[in-house]
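Working notes, beginning with the structure itself.
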Amino acid sequence: MEIRSPAFFIGNTIPFKYTCDGDNISPPIHWEAAPQETKSFALILDDPDAPNETFTHWIIYNIPADIRELPEAVAKQPKLPSGGLQGENSFGELGFGGPCPPKNGAHRYFFKIYALDQMLDLAAGANKQQLLTAIENHILDKAELMGRYAREID
């Protein structure tokens, strides 16, 4: 499986507009080459370089198997028009929360897509741990895209 964004190349800087310093909207994401038996997808965006513990910026699950992209600026609502449910990020909100590292260097942001063998029995608003528990033993394949972001030092 592969995941990419037309907004930035793997390992490169995530554009300003997709961060807390810009418009704080989600970048467009595309994936392909999922296993044929895929029933749904889940996406997690994490910052493992956060000061205390990995910070989760975005959670979406129960994305239907026939969907292969998330558009730019996904609305911060529990259920997406194309199907799929959004979980609670580490900001305590539903939907996307853009990269917002402390002003001490670049952080890495990992967009991870999981192809699953079932739809999940989770209501909207699940947190990362609830999602990870639900997808355990149901992952057919996964892929990740890493981007970086650093804030200006005053």
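The values are calculated or read from the model by the stated rules, or taken from the named source; none is laboratory data. The structure displayed is predicted, hence computed values, not measured ones. Note: ideal-geometry Cβ built from the backbone for every residue, glycine included; neighbour counts use all protein chains shown. Surface accessibility is based on the protein's heavy atoms, side chains included, excluding ligands, DNA and RNA. Shrake-Rupley method; radii C 1.70, N 1.55, O 1.52, S 1.80 Å.
Looking at the stretch 9-46 only, could you name the residues that are open to solvent by 10 Å² or more (accessible area, probe 1.4 Å), in contact with a strand residue (DSSP E or B) (Cβ under 8 Å, 6 or more places away or on another chain) and hydrophobic (A, V, I, L, M, F, W, C)? Matches in the stretch 9-46: Ile10, Ala33, Ala34.
For beta carbons closer than 6 Å, sequence separation of 6+ or different chains, a first residue in the stretch 47-65 that is over 16 Å from Arg108 (Cβ atoms) and surrounded by 21 or more Cβ atoms within 10 Å (Cβ to Cβ) and a second that is among the aromatic types (Phe, Trp, Tyr) and modelled with pLDDT of 95 or more, the qualifying pairs are Ile63/Phe41. In the stretch 85-123, the residue that is most open to solvent (accessible area, probe 1.4 Å) out of those that are over 27 Å from Asp21 (Cα atoms) and among the aliphatic types (A, V, I, L, M) is Met119. Residues of the stretch 19-37 include at least one that is over 25 Å from His138 (Cβ atoms), hydroxyl-bearing (Ser, Thr, Tyr) and in contact (Cβ under 8 Å) with a residue 24 or more places away in the chain.
Taken over the stretch 75-84, residues that are closer than 19 Å to Pro28 by Cβ and open to solvent by 20 Å² or more (accessible area, probe 1.4 Å) amount to 5. When Gln129 is tested against the conditions (1) touching a residue at least 40 places away in the same chain (Cβ under 8 Å); (2) open to solvent by 50 Å² or more (accessible area, probe 1.4 Å), the lone failure is (1).
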